[in-house]
Structure formats: structure tokens, C-alpha cells
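Structure, as C-alpha cells:
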Amino acid sequence: MKSLVIAGKIVLTVVVVFVLTFVAVLVLGLLGSVLSGQMDPAQFVQLPLVNRLLLIISTAVNIGAVLIMYYLFERNRGWPLGWRQENRWRLGKEGAIWGIGIMTAAFLIIWALGGIQVTGFTLEAGVIDALLFSVVLFTIVAAGEELLCRGYWYGLIKNDFGPQAAIVGTSVVFAALHLMNSNVLQSPVPIINLLLAGVLLGVAREVTGGLWVPMGIHFSWNLFQGNIFGFAVSGLQIEHSVMQIETAGSQLLSGGGFGAEGSLVTTAILVAFTLVIARKYQNEVIYKSL
């Protein structure tokens with residue numbers, strides 16, 4: 001019975017996300033029709049600024065959905081989301097360093113093994129602009145997805161079934177959320193790595209007692225994978241990056257169109273970093289969170 005209730009709340013959260021997205025896009029469209037005069041709505045949506053706003057909205061709604069669900073159903077049950085945490089800024093920075101380490105290791109090993117070739121390096125205006133926007137976007141992505149998966153859904157499962165079930169359960173849901181991404185089914189590796197990334201983030205959530213290390217990892221993982229090293233980010237192609245790369249050989253090595261997350265190199269790195277992070281934080285007492 002408990003599992004059905006949890007599953008129902010997870011599904012309801014997804015519904016709330018879709019409703020909030022629809023409302024936000026509708027409001028943006030109405031605003032656009034007023035501001036753009038005779039401009040066709042399809043043209044309005046394609047404007048660079050509007051397109052960026054839509055990207056931000058599509059991720060920010062996760063935060064709104066979590067707040068609605070938590071305060072409607074869970075506020076008085078006594079379990080924390082993990083947002084309010086002592087030493088949050090230190091932990092967030094440490095998480096970002098872990099994320100940089102994971103992605104740098106993946107890049108260097110794939111490169112050394114011949115899975116990619118570096119074809120260019122630039123800091124032109126378009127790259128800087130894309131980098132600055134991605135800092136904003138990936139900050140919201142990290143906050144939204146971690147509040148959703150390792151905050152609300154993690155707490156739901158852990159409260160009734162314990163941390164191991166919470167780590168496994170949220171990893172499965174986290175992977176499922178990416179099933180519509182481009183090239184996710186190019187081989188079994190992207191799904192395996194999404195599951196392992198969910199485990200790594202879940203372990204980080206558990207051993208640090210909050211969301212700030214997972215959010216830091218999630219943020220720098222995306223930023224460095226796409227805007228610095230030039231990989232696709234979970235199948236999303238980054239148009240402007242500091243490094244330009246071309247894949248070579250088997251996609252099991254290079255990651256193919258899914259990015260470094262599609263490589264077996266990343267599989268090994270995720271397992272290694274999960275063990276290292278678990279050992280690093282297991283004896284720290286930093287669990288004042290809400």
C-alpha cells in the first residue's frame with residue numbers, strides 16, 4: 001500500500017510539472033502576442049531570448065512542483081528535503097569540484113584512448129555568451145532535478161523504505177526522465193550510466209545529509225561536459241563550446257551522440273567516484289537540513 005501511495009505521488013508530481021509548464025508557456029505566449037504585435041507565434045517562440053526563457057521555464061517548473069507537493073502532503077511528516085544544510089556553500093563548491101573531476105577524467109581517458117579528437121579551441125564571443133547562459137541554465141537544472149529526485153522523491157521513499165531503496169528507486173526514475181532524450185537508446189550504455197549517475201548522486205545525498213553536494217556535481221558535470229569539453233549533454237548538442245571535438249571509432253568508447261555519458265569509460269569512472277565520495281563523507285556529521 002505504501003509503495004502505491006509513493007508511486008501515486010511521483011506520478012502526481014510529474015502531472016504538476018506538466019501543468020506548470022503549460023501555464024508558464026501559455027502566459028509567455030500571451031505576453032508575446034501583446035508585445036510582438038503582428039508577429040506569428042511560431043516566429044516569436046524562435047526568438048533567441050524567448051527560446052532561452054522556454055529552456056529555463058522547462059527546468060524551473062521542477063522547483064515549483066516540489067514546493068507544491070511537499071507543502072501539500074509532506075510538511076508535517078517530519079522528513080527533510082535536504083535544502084537547508086550547514087556549510088551549504090562549502091558543500092556546493094566541493095560538489096562542483098567532484099563534478100569537474102568526473103568529467104575531466106572522462107574527457108582525458110576517452111581522448112587518450114582515441115575515442116575523440118580535439119579539432120579546435122576558442123573563446124570567441126559566441127562561446128562566452130553560451131557559457132554565461134549555461135551557467136544560469138545548468139544552475140536551475142541542478143537545483144530543479146536534485147530537489148525533485150534527491151529531495152522530494154528520495155525523501156518519500158526513504159521515509160518508508162530506507163536509504164538503499166531511496167537510492168535505487170530515485171536512480172530508476174532519474175534514468176526514466178531521460179528516456180525521451182536524443183540518442184539515449186543508441187546502446188545500453190547511456191541507460192546504464194544514467195542509473196549509475198543516479199546512484200552516485202543518491203549516495204552523495206545520503207552521506208552528506210543534504211542536496212548541496214549532489215547539486216554541485218550535477219551543475220559542473222553538465223557545464224564541463226558540454227560548454228567546456230564539447231560533448232553532447234545527455235543527448236543535447238551544445239552549439240558553442242570552448243573545445244571542439246569529433247568522435248572517432250566505437251560509440252561505446254566515444255559516447256557517440258549522447259555525449260560522454262554514453263561511454264563505457266564514464267561507466268567505470270562513475271563506479272569509482274561513487275566509492276570515493278561514499279568514503280570521503282561517511283564520517284562527517286553535517287546533517288542539519290530541511
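Provide a single number: the residues in the range 108-119 that are in contact with a Ser or Thr (Cβ under 7 Å, 6 or more places away or on another chain) and either of a type in the set (G, A, S) or open to solvent by 40 Å² or more (accessible area, probe 1.4 Å) (or both).
Residues that pass the stated criteria total 1.
Of the conditions (1) modelled with pLDDT of 75 or more; (2) under 28 Å from the mean Cα position of the chain (by Cα); (3) over 17 Å from C149 (Cα atoms), G29 fails just one. Which one is it?
(1)
Pick from the range 52-107 the residues that are surrounded by fewer than 17 Cβ atoms within 10 Å (Cβ to Cβ) and among the charged types (D, E, K, R): which of them is farthest from the chain's Cα centre (by Cα)?
Here the residue is R77.
From the list G259, G216, G235, G249, exactly one residue is on the phi > 0 side of the Ramachandran plot and either open to solvent by 20 Å² or more (accessible area, probe 1.4 Å) or modelled with pLDDT of 95 or more (or both). Which is it?
G249
Just to be sure before I move on: is V23 at pLDDT below 80, assigned to a helix (DSSP H, G or I) and either more than 30 Å from I217 (Cα to Cα) or within 19 Å of the chain's Cα centre (by Cα) (or both) in the structure I sent?
Judged against the criteria, V23 is not a match.
Could you tell me whether any residue of the range 102-124 is at pLDDT below 95 and part of a helix (DSSP H, G or I)?
Checked the range 102-124: no residue is at pLDDT below 95 and part of a helix (DSSP H, G or I).
How many of the residues in the range 120-179 are of a type in the set (D, E, K, R), within 24 Å of I191 (Cβ to Cβ) and open to solvent by 70 Å² or more (accessible area, probe 1.4 Å)?
Residues meeting the conditions: 0.
Please go through the range 66-88 and give me each residue that is touching a residue at least 24 places away in the same chain (Cβ under 8 Å) and farther than 11 Å from G210 by Cα, ordered by number.
Residues satisfying the conditions are V66, I68, M69, Y70, F73, E74, R77, W79.
Out of curiosity, is V203 open to solvent by 10 Å² or more (accessible area, probe 1.4 Å), in a helix (DSSP H, G or I) and aliphatic (A, V, I, L, M)? It would help to see each step written out before you state the result.
Numbers: open to solvent by 10 Å² or more (accessible area, probe 1.4 Å): yes; in a helix (DSSP H, G or I): yes; aliphatic (A, V, I, L, M): yes.
Answer is yes for this residue.
Could you list, in sequence order, all residues of the range 239-263 that are out of contact with any strand residue (DSSP E or B) (no Cβ under 7 Å at 6 or more places or on another chain), part of a helix (DSSP H, G or I) and closer than 13 Å to I110 by Cβ?
Within the range 239-263, Q251, L252, L253, F258, A260, E261, G262 qualify.
For a quick check of your reading of the model, give me the residue pairs whose first member lies in the range 213-231 and is within 14 Å of G120 (Cα to Cα), whose second is among the charged types (D, E, K, R) and crowded, with 24+ Cβ neighbours inside 10 Å, with beta-carbon atoms closer than 9 Å and at least 6 apart or on different chains.
Partner pairs satisfying both residue conditions: F231/E261.
S36 fails exactly one of the following numbered conditions: (1) open to solvent by 70 Å² or more (accessible area, probe 1.4 Å); (2) at pLDDT below 85; (3) of a type in the set (S, T, Y). What is the number of that condition?
(1)
Can V184 be described as of a type outside the set (D, E), surrounded by 19 or more Cβ atoms within 10 Å (Cβ to Cβ), modelled with pLDDT under 95 and under 30 Å from Q251 (Cα atoms)?
Criteria met by V184.
Could you please find all residues in the range 75-101 being in a loop (DSSP other than H, G, I, E, B) and either in contact with a Lys or Arg (Cβ under 6 Å, 6 or more places away or on another chain) or at pLDDT 95 or above (or both)?
Residue satisfying the conditions is E86 alone.
The values are calculated or read from the model by the stated rules, or taken from the named source; none is laboratory data. Please read these numbers as outputs of a predicted model, since none were measured by experiment. Reconstructed Cβ throughout: ideal geometry from the backbone, glycine too, with neighbour counts over all protein chains shown. Keep in mind that these areas ignore ligands, DNA and RNA; they rest on the heavy atoms of the full protein, side chains included. Shrake-Rupley method; radii C 1.70, N 1.55, O 1.52, S 1.80 Å.
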